[in-house]
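Please read the structure below before turning to the comments.
The values are calculated or read from the model by the stated rules, or taken from the named source; none is laboratory data. Source: prediction; values computed, not measured. No Cβ is skipped: glycine too gets one built from the backbone with ideal geometry, and neighbour counts run over all protein chains shown. Note: areas computed on protein heavy atoms with side chains; ligands, DNA, RNA excluded. Shrake-Rupley method; radii C 1.70, N 1.55, O 1.52, S 1.80 Å.
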Amino acid sequence: MAGKILTVIETDAGRVRDCSYELVTLARELAQATGGTACAAVLGDDPVAAATQVAGHGVETVYAVKDPGLAAYTADGWAAALKRLMASEGVDIVLFSHTPLGWDAAPRLSAVHSLPALTEIVAVEDGGKVWTRLMFNGKFQVRMTLDGTPAVVTVQKGAFPPCEEQGQGAVKEVAIGLEPGAIRQKYVETTSAPASGKVDLASADIIVAGGRSIGSKEKFGIIKELADALGGQVGASRPVTDAGWLPHEHQVGSSGITVKPKLYIASGISGAIQHIVGMKQSGYIVAINRDKEAPIFEVADVCIIGDQFEIVPALTKAILEARGHG
Ligand SMILES: Cc1cc2nc3c(=O)[nH]c(=O)nc-3n(C[C@H](O)[C@H](O)[C@H](O)COP(=O)(O)OP(=O)(O)OC[C@H]3O[C@@H](n4cnc5c(N)ncnc54)[C@H](O)[C@@H]3O)c2cc1C
């Protein structure tokens, strides 16, 4: 592999998403290790401004892939446009973030054009010879090799640090000319789920988060009481919101909210990468878990090994007493 490593850029209201800059880090590492080149693609009806943002981050070329049919994301449009770009530019590896867009576009590109795919990658060794992915909610790591390129890869958010600004790559406009009928899905509108307005984890200073091991909606009371005693908000891992114990707006992680409070208390949360990426930038992390090997302890400043049903109420009581409310 010594060809082009192409990062597919995601944008949000014109701004390049952080996860795309993480991919650029990986593309640059792979290019350096293999003697290839790191490049990137921004797709849209007017992609030049976003492509210019990326060009200052150590990639040789940013392709501004342009077509009226790319005004809104569709899997057909992106797969067709990327396939053409790959053929015309000699791309070896296409990197997507393992995000809802990546889950949709990467398999489409792989399936429609019979390209090998690796998904949810968290580490790469030997310049792209061995790729590691997590399976069964992070309980197992699977190391894989890739037999043949071009190939499609999705990369877990948070697995690589975002790249620094560096150098100035070229922006190359590519008018892709999608045929009528190439895109079978039609974008109508985006609406967001109604929020209660009471929860704003993104700007909370203190978050107390609970996990699956709490066991029920009713038992979540111990987490809420500690959050109230500290004047903080309640967070949760995904199984909690999937089970309906709390609404989605409480979910922290790759498919929830990214938070950066001064204090994050994680109780009975194992520390799967999808949770960690959403809270690892917190100022001070306290983790409570009865398993001393729990991965959450790797990012915690204070590790409390024990039963949350004893520790959390005791903490609440101590805080209320210290504040004169005991
Ligand atoms: C595509 C995708 C996206 C995802 N997005 C997210 C996301 O945004 N956010 C997220 O959180 N997850 C997400 N997940 C799920 C993630 O992989 C994990 O499954 C999830 O984070 C695990 O939640 P948990 O830690 O609450 O449960 P578990 O992994 O079951 O961990 C429970 C923990 O509680 C501990 N425990 C048990 N009893 C006690 C006790 N009495 N006292 C103290 N500790 C105890 C156990 O030792 C264990 O460590 C996603 C998964 C996928 C595949």
- Query: Using the Cα gyration tensor of the stretch 75-214, with a ≥ b ≥ c the square roots of its eigenvalues, what is the shape: rounded (a/c below 1.5), prolate (a/b larger than b/c) or oblate (neither)?
  - Reply: oblate
- Item | Cα gyration tensor, the stretch 240-312 - rounded (a/c under 1.5), prolate or oblate | oblate
- Message: Which residue, Gln251, Gly14, Thr154, has the largest displacement toward the positive end of the dipole of the chain when charges sit on each Cβ (Lys, Arg +1; Asp, Glu -1)?
- Response: Gln251
- Message: Given the -39500 (n - 2.57) contribution per DSSP H run of 4+ residues, what per-residue ellipticity at 222 nm results for the chain, rounded to the nearest 500 deg cm²/dmol?
- Response: -8500 deg cm²/dmol
- Note on the structure: With the 1.4 Å probe rolled over protein heavy atoms, the stretch 13-168 has an accessible area per residue in Å² of 42 Å²
- Message: To check you understand DSSP bridge types, tell me what percent of the beta bridges within the chain (both residues inside) are antiparallel, rounded to 5.
- Response: 20 percent
- Report Lys280's accessible area, 1.4 Å probe, all protein chains in place, as a number in Å² to the nearest 10. 90 Å²
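In terms of solvent-accessible area of protein heavy atoms at a 1.4 angstrom probe, what is the ranking of Glu179, Glu164, highest value first?
Largest accessible area first, the residues go Glu164, Glu179.
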- Message: For Thr119, what accessible surface area do you get with a 1.4 Å probe? Give it in Å², rounded to 10.
- Response: 50 Å²
- Calculate, in nm to one decimal, what Thr145 and Lys186 gain on full extension: separation in residues at 0.36 nm each, minus their alpha carbon distance. 11.1 nm
- Quick one: dipole size for the stretch 3-74, taken about the Cα centre, charges +1 on Lys/Arg Cβ and -1 on Asp/Glu Cβ, in debye to the nearest 20. 160 debye
- Using alpha carbon centers only, the stretch 191-267 is separated from the stretch 1-40 by a whole-angstrom value of 33 Å
- When we measure straight from the Cα of Lys217, which lysines land under 22 angstrom away, once same-chain ones fewer than 8 places off are left out? Lys198, Lys317
- Message: Checking the a/c ratio against 1.5 first, then a/b against b/c, what shape does the Cα gyration tensor give for the stretch 201-322?
- Response: rounded
- Query: Counting only protein heavy atoms, what percent of the accessible surface of the chain is carbon or sulfur at a 1.4 Å probe?
  - Reply: 52 percent
- the chain, dipole about Cα centre (Lys/Arg Cβ +1, Asp/Glu Cβ -1), debye to the nearest 20: 460 debye
